[in-house]
Amino acid sequence: MANFVHMESQAIEIGDKVRFLNEVGEGTVTQILSGTLLMVEDQNGFEFQHERGELILIGNREEEKAGYARVIPSVAEILQQEVSSEEQKAIEKQFKDRYAIADSRPASSDTVEVDLHMHQLVESQAGLDSGAMLELQLAHFERMLQIGVRQKTKRMVFIHGIGQGVLRHQIWTRIEQYYPDCACRSADPRRFGNGATEVWIGESASSRRSS
């Protein structure tokens with residue numbers, strides 16, 4: 001069981017991992033605005049203000065930092081040189097709403113499908129170059145996968161299309177490098193053609209490797 005320490009009893013630093021006292025989830029401290037007010041980035045890459053008393057510091061600081069080494073760029077970081085601040089906020093809201101829906105799914109879902117096509121992720125692609133679009137797709141893939149892991153989902157299907165195969169290659173590479181409890185293969189071609197990847201999580205992944 002994790003070792004929780006109330007904020008008032010221990011100094012807090014930028015980069016510390018915290019759990020929310022009055023809501024589900026956890027995040028990382030990104031700014032200290034005042035003695036009692038902090039900015040915290042949640043697991044989906046969005047920053048919110050929190051009072052110090054609403055947060056619980058998680059366990060050993062160095063161990064937690066090591067366990068949080070996989071940092072996914074936020075929507076704002078990806079878009080900061082691409083679109084206006086108004087367009088950036090609109091796109092951030094679209095992703096924030098999508099993650100809120102995903103987080104509200106019942107735990108232990110057997111299968112979840114995630115469409116990574118850009119027209120499914122943003123209402124307008126104006127001003128976005130191919131590099132920014134790929135980064136948005138990959139960040140969305142990883143955040144949705146992490147939500148699936150938290151919810152103990154058995155299987156996720158990521159629909160990426162065929163194209164030149166860059167997105168598919170990056171998905172497979174990241175699973176191999178950063179998600180040892182996951183295994184992937186091409187999804188059923190009768191249903192998805194050659195444009196989707198099937199990811200098995202946890203015990204389901206282990207059984208797929210041994211079969």
Based on Cβ point charges of +1 for Lys and Arg and -1 for Asp and Glu, what charge dipole magnitude is obtained for the range 67-117 about its Cα centre, in debye rounded to the nearest 20? 200
For a Förster distance of 35 Å, can you work out the FRET efficiency between the beta-carbons of residue 54 and residue 123, rounded to the nearest 0.05? 0.60
For a quick check, take a GNM of the chain with Cα springs below 10 Å and name the residue from 150, 174, 190 with the largest mean-square fluctuation. 190
If we count every other residue with Cβ under 13 angstrom of residue 166's Cβ, Lys/Arg +1 and Asp/Glu -1, where does the sum land? +1
Charge tally for neighbours of residue 40 with beta carbon under 11 Å away, counting Lys, Arg as +1 and Asp, Glu as -1, is -4
To the nearest 10 degrees, the tilt of helix 166-178 (Cα long axis) against the first principal axis of the alpha carbons of the chain is 50
What is the chain's relative contact order, in percent, from Cα pairs under 8 angstrom and six or more apart in sequence? 14
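Where does the chain land at 222 nm, in deg cm²/dmol rounded to the nearest 500, when only DSSP H runs of n ≥ 4 count, each adding -39500 (n - 2.57), divided by all residues?
Counting only the DSSP helices, I get -11500 deg cm²/dmol.
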For Kirkwood radius over Cα pairs in Å the list reads (i) 18.1; (ii) 17.6; (iii) 18.6; the calculated value is entry (iii)
What are the residues whose amide H is under 5 Å from the amide H of residue 114, where those residues sit 5 or more places off or on another chain and H is modelled from the backbone? 157, 158, 159
Please give the length that would be gained between residue 19 and residue 113 if that part of the chain were fully extended, namely 0.36 nm times their separation in residues minus their C-alpha to C-alpha distance (nm, one decimal). 31.0 nm
Show me, for the range 133-141, the HN-Hα J-couplings you get by feeding each phi into the Karplus relation (A = 6.51, B = -1.76, C = 1.60, θ = phi - 60°), rounded to Hz, glycine and proline as x. 5, 4, 5, 5, 5, 5, 5, 5, 4
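Read-outs: derived from the displayed coordinates by stated rules, not from any lab. Computed from a predicted model, the values in this text were never measured in an experiment. All Cβ positions, even for glycine, are placed from backbone atoms using ideal geometry, and neighbour counts span all protein chains on display.
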